[in-house]
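> Have a look at this one before I ask anything.
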Amino acid sequence: VTIRRSDYAPPTFLVDTVELDFDLDAASTTVRAKLALRRNPAAAADAPLHLDGDGLTLVQAKLDGVVLPPERLAFAGDGSLTIAGLLDVAVLETVVRIAPETNTSLSGLYTSGGNFYTQCEAEGFRRITFFPDRPDVMSRYTVTITADRARVPVLLSNGNPDGAGDAGEGRHRARWVDPHPKPSYLFALVAGDLVAVSDRFTTRSGRDVALNIWVRRGDEDRCGHAMDSLKRSMTWDEDIYGLEYDLDVFNIAAVSDFNMGAMENKGLNVFNTKYVLASQESATDGDWQGIETVIAHEYFHNWTGNRVTCRDWFQLSLKEGLTVFRDQEFSADMGSRAVKRIRDVRGLRAAQFPEDAGPMAHPVRPDSYIEIDNFYTPTVYQKGAEVVRLIHTRIGATAFRRGMDLYTARNDNQAVTIEDFVTAMQDASGIDLSAFYGWYDQAGTPELTASDSYDPATRRFTLTLRQQTPPTPGQPDKHPVPIPVAMGLLGPDGAPQATRLAGENAAQPGTRTLLLEGTEQSFVFEDVPAPPVPSLLRGFSAPVRLRGVTRDRLRFLAVHDTDPFVRWESGLQYAASVMLEMVAAQQRGEPLGFDAALAEAVANTLAAAGDDPAFAAEALSLPGEGFLADQMEIADPVAIHAVRQHLRAEIGRRCRPALRATYDALAETGPYRIDGTAIGRRALRNTCLAYLTAAGDGPLAKAQFDTATNMTDSLAALSLLADTDGAARDKALATFHARWRGDDLVLDKWFSIQAMAARPDAIAAVRALYTHPDFDLRNPNRARSLIGAFASGNPSQFHDLSGEGYRFLADAVIALDPINGSIAARLVGPLGQWRRQAAARGTLMRRELQRVLDTPNLSKGTFEKVSKALL
Ligand code: ARG
Ligand code: ZN
C-alpha cells in the first residue's frame, strides 16, 4: 500500500493522557494501557476511533469501564483496530500480550542479552499496544514497570522518576512520569541488569540535571567520552540557541542490538553501543568523532524533534535535516570547521548523490512511500541538512537564530510541517524564502555550470551561472532552485581581490554570495584589473555538482584559494579528472601514464602539512572508488580500482622520501590524546603509510601493526595488510581476532576490514566469514560489518563479472528479511544501482533483484526497495 503526502487527514481522536503498565517477562509481557480520548475538533463528529496494532494479542478492551464485546472490535489485516460509536470523551483500557524475546525485528519491545529495550520510531509503538501511532497525536505518559527484581534490577522510561517499590514475589516496580506531551514514537522503556555512569549538569537557569549512561557491567570505563560529549552538547545548545534541557534526568542506554545509530526518546535516549563505548585500545578516531556527533544529534532532538515534532512522516526532514545541521555546526565548533565541512561533503557525495541519481531518488520531503523506514535516508538527513544550511546562508546567522527562536516559540508542543519552519525563517529575516520549497520538493542533484569572460577595455568580468537538474523517477521535469554561490576572485598572481558588482558603489573584500535564481544568470564585476580566476561554491555553499572548471584553474585554486574547502575540492576534482581519463585509457587497454602534477601536489601538501595535519590528510586522499564511479555514466569498478591502485603506488614511489619523513616525524611520543591535532596527526601519518605500502614498503605496515598502542593505528595497518597476499596477512588477522574476540564492536571492524579487502578471492573469503562462528545475522552491526561493508565498500569485488558478489548479497538479504526486514531492506540497496553498470553486470544484478522479489512473504520495506529498483 502506497501512502501519499496529499492524503493527510487529521486523527479522529486525540489522546490527552496515557497510562501504561508493563508486567515484564521475556516470553510474555503484559501491557495495560489506559487512554484518555477526546474527539478531535478537526474531525467528523461520527468518525470512528482508529488504533494501530501489529502482532498484539488482545486480552481485553474496555470502553468507559465496560468490556467491549467482539462485535465492537473491527480488526483489519494489518493488525489495526477500529471502534465505532464513541462519545466525544472516552476512556479506553486495553490489555495485550507481546513476546519480547522472539522479536527479532528490534522494533517495538525486544530483548538483547537478557535485557529489555524499545525502538518506536517510526511505527514501533503499535507493536507494544493499540494506539493511534502517528506523530500528530501527542500525549502525557505515565509508565509503571513491574519485573523480577534480581534479573531486572533497573527499570527506566521517559520523563522523571516518580516512585519505586516492592511488588511482592521477588518482583519490584517503578513509575515514571513525563510531564511533556509527546508522540508515541518517542516512548521508551529500558529494563535489565545495567549499571550507570553518572554525572550532573546545571542548566543556565539553574535546573540540576542527573545524567546517566546505562551500560552492561564491565563497560563502565568506556563511557567517559560520551558523557563529556553530552555535557558539551548541553552547553552548546544553551550558548548558540538558548535552548535548555527540560527534565530532572537525562538517561542514555546503550544496546548492542540496534537497527540504527541512536534514538532521541524523551529523557531516555537509546544508543547503539557503537556510539557510546570507547577506549584508547578499542576505538578509532572515527569512533570518537562519531560518538561526539551522535550524542549531540540525539541531545539536540530534544528541541528539534521532541518539543517541536513532525505532523506526519513526510515531514521527517523537519527534525532530521535540522538536527543534522545542528550537530554538524556543533562538531565544527568543537574542532576544525574546514575539515568537518570536507568530511560532511565527502559523506554527502558518497551516499546522497548516488541515491539522488538512482531508483530510490526522492525529494527531501517525499511525496509517497510504502514503508517509511526506507526513508531514513541520506537525502532526508544529509541533503535535508544542506537545505537548512542554504537557508542559513541566505538569511545569515543572526536572522537564522531569530528564526529558530520564533520556530520553537510558535510551535512548542506541536506537531508541525516544513512550512512552519520555513515561515519562521522568512518572518524572522524578512526575506522571501518561497523558492526554497523547490529544494524540499524536487529530487535530483542540480548541476551548476559556470562560464566567464573578461574585457580588458572595460575592465569588466562577466560570470555566467547555469543550472539544470536531471530527471528522476516520477519527476521528469525540473524547475530551477535558488542556489547561493559563495565566491571570490583571485588575481593572476593568486592574490584575493575585492569584488564590486555592477550597481554597487563599494568593493567587498573576501567571500560574497551570489544567488542564482533562474536557469541562467550573468553577474558583472567592475574594475577588475586583469583576468581573474573565480573561486566558486566556497564552503560548498549548495549541494550541487559544479561543472566546467578547467584543469588549469583547478590546479591554481588548489594552491592559491583562501577558502580551505575550495583548495581541497580543487585538488580532488583535478585528481578525479586525471583518474577518469586513466580509467578510459585502462578500458582501451592503453598504458595508464602518470600526471606529474599529482606528485607535485602531494609534495607541496606534505611540505606544508605541519600547519594543519588533518587538512593535509584530507588533501592527500585520492578520490574514492565510489566517488569516481558516480562521475561516470556507466561505471567500471574494476578499472577504477586498478587506476586508483596504480596511482597510489606511483605517488608512493615518486614521493617516498617525503612520505617517509612525514611518517617518521609524526610518530606518537607523548600520551594518547583525542583532540583535533592528535587525530589529524594520526590521519596524516596513516595516509603516508598507505602510500608507502602501495609503493611496496610491506614491512612498515606490519611493524606498525605489531607496535600500535591505539586502535586507529592498529586498524590502519591491518587494513593495508588485509589487502596483501599470504602469511603476513593471515597472521595479522588471526592475531587481531585472538586479541579482540570478546569485544563485539572491535570484531565488527575485523569483519569489515576483510569484507572490504580487494583480494582476488574476496567473495570466497566473505562467504567463509558468513559461516564464521562469530558471525551473527541477527545482530545489525555484525550484518552490516560483513554484508554492507562488502557490497558498498568493495566495489571491484562486489561487481565481479561472475555475478557471485550479487548472488551473495541476494542470498544474505533473503535469509535476513524474515528476521529483520528493516536491515534487509537497507542492505539490498547496492543492487539497485544496476542502471549505472555495464549491461553484462546490470543483467546479473537484475536477476538477483528478481530472485529477492520472488521470495514469498517479503517484508514491505524490502519489497519497496526491490520493486522500485526493477521498474
Ligand atoms: N530518529 C533517529 C535519529 O535520527 C533515527 C530513528 C530511525 N528509525 C528508523 N526506524 N529508521 O536519531
Ligand atoms: Zn535524528
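The values are calculated or read from the model by the stated rules, or taken from the named source; none is laboratory data. From a predicted model like this one, the values you see are computed outputs, not experimental measurements. Methodologically, a virtual Cβ is constructed for each residue, glycine included, from the backbone with ideal geometry; neighbour enumeration extends over all protein chains shown.
> Counting just the residues of the stretch 284-301 that are in contact with a Phe, Trp or Tyr (Cβ under 9 Å, 6 or more places away or on another chain) and in contact (Cβ under 8 Å) with a residue 60 or more places away in the chain, which one comes out farthest from ligand 1 (Cβ to nearest atom)? Walk me through how you get there before you give the answer.
Going residue by residue through the stretch 284-301, those that are in contact with a Phe, Trp or Tyr (Cβ under 9 Å, 6 or more places away or on another chain) are 287, 290-300.
Filter once more, so that each one left must be in contact (Cβ under 8 Å) with a residue 60 or more places away in the chain: 287, 291-292, 295-296, 299-300.
Numbers: Asp287: 17, Ile291: 14, Glu292: 14, Ile295: 11, Ala296: 11, Tyr299: 10, Phe300: 10 Å.
In this case the residue turns out to be Asp287.
> Moving to a separate point now. Val177 passes all but one of (1) buried (at least 19 other Cβ atoms within 10 Å of the Cβ); (2) more than 16 Å from ligand 1 (Cβ to nearest atom); (3) within 32 Å of the chain's Cα centre (by Cα); (4) β-branched (Val, Ile, Thr); which number fails?
Tallying (1) buried (at least 19 other Cβ atoms within 10 Å of the Cβ); (2) more than 16 Å from ligand 1 (Cβ to nearest atom); (3) within 32 Å of the chain's Cα centre (by Cα); (4) β-branched (Val, Ile, Thr), Val177 fails exactly one: (1).
> I'm trying to understand the selection: among the residues of the stretch 581-617, which are under 28 Å from the mean Cα position of the chain (by Cα) and assigned to a helix (DSSP H, G or I)? Walk me through it before giving the result.
Applying the first criterion (under 28 Å from the mean Cα position of the chain (by Cα)) to the stretch 581-617 yields 612-617.
Scanning the stretch 581-617 gives Pro613, Ala614, Phe615, Ala616, Ala617.
> Further question: Would you check if there is a residue in the stretch 375-386 being surrounded by fewer than 20 Cβ atoms within 10 Å (Cβ to Cβ), at pLDDT 95 or above, in a helix (DSSP H, G or I) and of a type in the set (Val, Ile, Thr)?
No, that holds for no residue.
> Let me ask you something else. Tell me whether the stretch 462-485 contains one or more residues that are at pLDDT 95 or above, in contact with a Cys (Cβ under 8 Å, 6 or more places away or on another chain), crowded, with 17+ Cβ neighbours inside 10 Å and not in a helix (DSSP H, G or I). Please lay out each step first, then the result.
Applying the first criterion (at pLDDT 95 or above) to the stretch 462-485 yields 462-485.
Restricting the remaining residues to those that are in contact with a Cys (Cβ under 8 Å, 6 or more places away or on another chain) gives none.
There is no residue in the stretch 462-485 that is at pLDDT 95 or above, in contact with a Cys (Cβ under 8 Å, 6 or more places away or on another chain), crowded, with 17+ Cβ neighbours inside 10 Å and not in a helix (DSSP H, G or I).
> Also: In the stretch 348-368, what count of residues is obtained for those that are surrounded by fewer than 21 Cβ atoms within 10 Å (Cβ to Cβ) and either under 13 Å from Leu318 (Cβ atoms) or hydroxyl-bearing (Ser, Thr, Tyr) (or both)?
So the count comes out to 1.
> Can I ask one more? Test Thr662 against the criterion of being out of contact with any Cys (no Cβ under 7 Å at 6 or more places or on another chain), in a helix (DSSP H, G or I) and of a type in the set (Val, Ile, Thr), and give yes or no. Even if it seems obvious, please write down each step before you answer.
Values: out of contact with any Cys (no Cβ under 7 Å at 6 or more places or on another chain): no; in a helix (DSSP H, G or I): yes; of a type in the set (Val, Ile, Thr): yes.
In short, no.
> Consider Ile370 against the criteria (1) in contact with a Lys or Arg (Cβ under 7 Å, 6 or more places away or on another chain); (2) under 30 Å from Gly267 (Cβ atoms); (3) away from ligand 1 (no atom under 12 Å from the Cβ): it satisfies all of them except one. Which criterion is unmet?
(2)
> Please go through (1) surrounded by fewer than 16 Cβ atoms within 10 Å (Cβ to Cβ); (2) closer than 27 Å to Val578 by Cα for Thr709 and return the number of the only condition it doesn't satisfy.
In the conditions (1) surrounded by fewer than 16 Cβ atoms within 10 Å (Cβ to Cβ); (2) closer than 27 Å to Val578 by Cα, Thr709 misses (2) alone.
> Name the strands (runs of 3 or more DSSP E) wholly within the stretch 181-283 that hold at least 2 residues that are small (Gly, Ala, Ser) and touching a residue at least 12 places away in the same chain (Cβ under 8 Å)?
On the way: elements: 189-192, 195-202, 208-215, 249-255, 268-272.
Those strands (runs of 3 or more DSSP E) span 189-192, 195-202, 249-255.
> While we're here: Conditions: (1) surrounded by fewer than 24 Cβ atoms within 10 Å (Cβ to Cβ); (2) within 15 Å of ligand 1 (Cβ to nearest atom). Val270 meets all but one. Number of the miss?
(1)
> Further question on the same structure: Pairs, please: C-beta under 7 Å, at least 6 apart or cross-chain, first residue within 18 Å of Gly821 (Cβ to Cβ) and in the stretch 114-125, second within 16 Å of ligand 2 (Cβ to nearest atom) and among the acidic types (Asp, Glu)?
Filtered contacts from the stretch 114-125: Ala122/Asp373.
> Can you tell me how many residues in the stretch 424-457 are under 18 Å from Pro534 (Cα atoms) and in a loop (DSSP other than H, G, I, E, B)?
Filtering the stretch 424-457 down to residues under 18 Å from Pro534 (Cα atoms) leaves 447-456.
Now restrict to residues that are in a loop (DSSP other than H, G, I, E, B): 456.
Of the residues in the stretch 424-457, 1 are under 18 Å from Pro534 (Cα atoms) and in a loop (DSSP other than H, G, I, E, B).
> Let me ask something else. Mind checking which helices (runs of 4 or more DSSP H) fall wholly inside the stretch 815-871 and carry at least 2 residues that are of a type in the set (Val, Ile, Thr) and either within 23 Å of Ser107 (Cα to Cα) or at pLDDT 95 or above (or both)?
Working: elements: 821-827, 839-853, 860-870.
Per the criteria, 839-853, 860-870.
> Moving to a separate point now. Restricting attention to the stretch 846-859, which residues are in contact (Cβ under 8 Å) with a residue 40 or more places away in the chain and closer than 20 Å to Arg784 by Cα?
Within the stretch 846-859, Glu848, Val852, Leu858, Ser859 qualify.
> When the stretch 302-347 is examined, which residues are found to be over 20 Å from Val276 (Cα atoms), within 14 Å of ligand 1 (Cβ to nearest atom) and among the polar types (S, T, N, Q)?
Scanning the stretch 302-347 gives Thr304, Asn306, Thr309, Gln315, Ser317.
> Still on this structure: I need a count of the residues in the stretch 387-413 that are of a type in the set (Val, Ile, Thr), surrounded by fewer than 22 Cβ atoms within 10 Å (Cβ to Cβ) and within 24 Å of Val485 (Cβ to Cβ). Show your work before the answer.
In the first step, residues of the stretch 387-413 are kept if they are of a type in the set (Val, Ile, Thr); the result is 387-388, 391, 393, 395, 398, 408.
So of that shortlist, the ones also surrounded by fewer than 22 Cβ atoms within 10 Å (Cβ to Cβ) come out as 393, 395, 398, 408.
From the residues that got through so far, the ones that are within 24 Å of Val485 (Cβ to Cβ) too are 393, 395, 398.
Total satisfying the criteria: 3.
> Given the criteria of a type outside the set (Asp, Glu) and over 15 Å from Thr445 (Cα atoms), does Phe461 qualify? Step through it out loud before you land on a result.
On the way: of a type outside the set (Asp, Glu): yes; over 15 Å from Thr445 (Cα atoms): yes.
It is true that Phe461 is of a type outside the set (Asp, Glu) and over 15 Å from Thr445 (Cα atoms).
> Going through the stretch 277-291 one residue at a time, which ones are of a type outside the set (D, E, K, R) and farther than 16 Å from Asp327 by Cα?
First, the residues of the stretch 277-291 that are of a type outside the set (D, E, K, R): 277-280, 282-284, 286, 288-291.
Matches in the stretch 277-291: Leu277, Ala278, Ser279, Gln280, Ser282, Ala283, Thr284.
> Which residues, counting only those in the stretch 356-375, are more than 20 Å from Arg836 (Cα to Cα) and of a type in the set (A, V, I, L, M, F, W, C)?
The first filter runs over the stretch 356-375 and keeps only residues more than 20 Å from Arg836 (Cα to Cα), leaving 363-375.
Matches in the stretch 356-375: Val364, Ile370, Ile372, Phe375.
For every residue, the table says whether it meets (1) touching a Lys or Arg at 6+ places or on another chain (Cβ under 8 Å); (2) away from ligand 1 (no atom under 16 Å from the Cβ); (3) not acidic (Asp, Glu).
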{"site": "His50", "(1), (2), (3)": "no, yes, yes"}
{"site": "Gln60", "(1), (2), (3)": "no, yes, yes"}
{"site": "Gly65", "(1), (2), (3)": "no, yes, yes"}
{"site": "Arg72", "(1), (2), (3)": "no, yes, yes"}
{"site": "Thr94", "(1), (2), (3)": "yes, yes, yes"}
{"site": "Asp133", "(1), (2), (3)": "yes, no, no"}
{"site": "Val143", "(1), (2), (3)": "yes, yes, yes"}
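> Which one of the conditions (1) in contact with a Phe, Trp or Tyr (Cβ under 6 Å, 6 or more places away or on another chain); (2) at positive phi does Ala385 fail to meet, given that it meets all the rest?
Of (1) in contact with a Phe, Trp or Tyr (Cβ under 6 Å, 6 or more places away or on another chain); (2) at positive phi, only one is false for Ala385: (2).
> Another question, then. Please state which of the following conditions Leu230 fails to meet, knowing it meets all the rest: (1) farther than 30 Å from Pro10 by Cα; (2) more than 16 Å from ligand 2 (Cβ to nearest atom); (3) of a type outside the set (Phe, Trp, Tyr).
(2) is the only condition that Leu230 fails.
> Going by the structure shown, is Ser336 away from ligand 2 (no atom under 16 Å from the Cβ) and buried (at least 20 other Cβ atoms within 10 Å of the Cβ)? Walk me through how you get there before you give the answer.
Details: away from ligand 2 (no atom under 16 Å from the Cβ): yes; buried (at least 20 other Cβ atoms within 10 Å of the Cβ): yes.
Yes, satisfied.
> Then there's this: Taking the condition of being within 11 Å of ligand 2 (Cβ to nearest atom) and buried (at least 24 other Cβ atoms within 10 Å of the Cβ), how many residues in the stretch 279-297 meet it?
Summing the residues that are within 11 Å of ligand 2 (Cβ to nearest atom) and buried (at least 24 other Cβ atoms within 10 Å of the Cβ) in the stretch 279-297 gives 2.
> What is the number of the single condition among (1) closer than 25 Å to Arg217 by Cβ; (2) aliphatic (A, V, I, L, M); (3) out of contact with any His (no Cβ under 9 Å at 6 or more places or on another chain) that Ala164 does not meet?
With (1) closer than 25 Å to Arg217 by Cβ; (2) aliphatic (A, V, I, L, M); (3) out of contact with any His (no Cβ under 9 Å at 6 or more places or on another chain) applied to Ala164, the lone miss is (3).
> Can you go through Phe353, Phe421 and tell me which one is part of a helix (DSSP H, G or I), under 24 Å from Trp834 (Cα atoms), among the aromatic types (Phe, Trp, Tyr) and touching a residue at least 60 places away in the same chain (Cβ under 8 Å)? Talk me through it step by step, then tell me what you get.
Values: Phe421 fails: under 24 Å from Trp834 (Cα atoms).
None of the other options fit; the residue is Phe353.
> For the structure I just gave you, tell me whether Glu526 is under 30 Å from the mean Cα position of the chain (by Cα) and touching a residue at least 40 places away in the same chain (Cβ under 8 Å). Outline the logic, then answer.
Details: under 30 Å from the mean Cα position of the chain (by Cα): no; touching a residue at least 40 places away in the same chain (Cβ under 8 Å): yes.
No; evaluated as a whole, the condition is false for this residue.
> Going by the conditions given, is Ser198 crowded, with 23+ Cβ neighbours inside 10 Å, within 29 Å of the chain's Cα centre (by Cα) and small (Gly, Ala, Ser)?
Values: crowded, with 23+ Cβ neighbours inside 10 Å: no; within 29 Å of the chain's Cα centre (by Cα): yes; small (Gly, Ala, Ser): yes.
Here the answer is no, as Ser198 does not meet what is asked.
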